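One structure is given below, encoded as structure tokens.
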Amino acid sequence: MAKNLKYSGDAYTLDVACTAPTTPASGDPVLVGVLPGVALTDERADGKTTVQFRGVFNLSVEGVNNAGNSAVAVGDAIYYEAGEDPVLNKDSVSGVLFGIALGTVGSGLTATIPVLLKSGC
């Protein structure tokens, strides 16, 4: 076996320092660089958070894109846009690809829908 193998098997849940948000709470969508995930724990004193990088999570998504209000349809790309509330929407200009919508959100509205994480696509 290769001597440089770091993880064997499922490496989709890791303790990492998130780059966004700065202090994640359990259930938050997060980024580690451009890798999307969902915090399973609050950030600890060591600056690390347990993050799941694969799966489908119910997350708050806003029906907007870079041009304004835009409904979310099943299969739409969802982006993480730091500084927005909620951070997930369809803004491909300012955002980082986060996942795929598995639910719908009305134009200009916010709703909690299932989102398939990009790393699970």
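The values are calculated or read from the model by the stated rules, or taken from the named source; none is laboratory data. Model, not experiment: these values are computed from the prediction. FYI the Cβ positions are ideal-geometry reconstructions off the backbone, even for glycines, and counts take in every protein chain you see. We work out accessible area using only protein heavy atoms, side chains counted, and drop any ligands, DNA or RNA first. Shrake-Rupley method; radii C 1.70, N 1.55, O 1.52, S 1.80 Å.
Among the residues of the stretch 54-86, write down those that are more than 10 Å from residue 101 (Cα to Cα), in contact with a Leu (Cβ under 9 Å, 6 or more places away or on another chain) and in a loop (DSSP other than H, G, I, E, B).
Correct list: 54, 55, 63, 71, 81, 82, 86.
State which residue is most open to solvent (accessible area, probe 1.4 Å) when the search covers only the stretch 68-102 and only residues that are of a type in the set (Val, Ile, Thr) and at pLDDT 95 or above.
Top of the filtered list is 74.
For residue 6, which of the numbered conditions (1) of a type outside the set (Val, Ile, Thr); (2) modelled with pLDDT of 95 or more; (3) farther than 15 Å from residue 96 by Cβ fails to hold?
(2)
Could you say whether any residue in the stretch 72-91 is touching a residue at least 60 places away in the same chain (Cβ under 8 Å), touching a strand residue (DSSP E or B) at 6+ places or on another chain (Cβ under 9 Å) and of a type outside the set (Val, Ile, Thr)?
Checked the stretch 72-91: at least one residue is touching a residue at least 60 places away in the same chain (Cβ under 8 Å), touching a strand residue (DSSP E or B) at 6+ places or on another chain (Cβ under 9 Å) and of a type outside the set (Val, Ile, Thr).
I'm checking my understanding of the structure. Among residues of the stretch 52-67 that are surrounded by fewer than 18 Cβ atoms within 10 Å (Cβ to Cβ) and of a type in the set (A, V, I, L, M), which one is farthest from residue 110 (Cα to Cα)?
Looking at residues that are surrounded by fewer than 18 Cβ atoms within 10 Å (Cβ to Cβ) and of a type in the set (A, V, I, L, M), I get 56.
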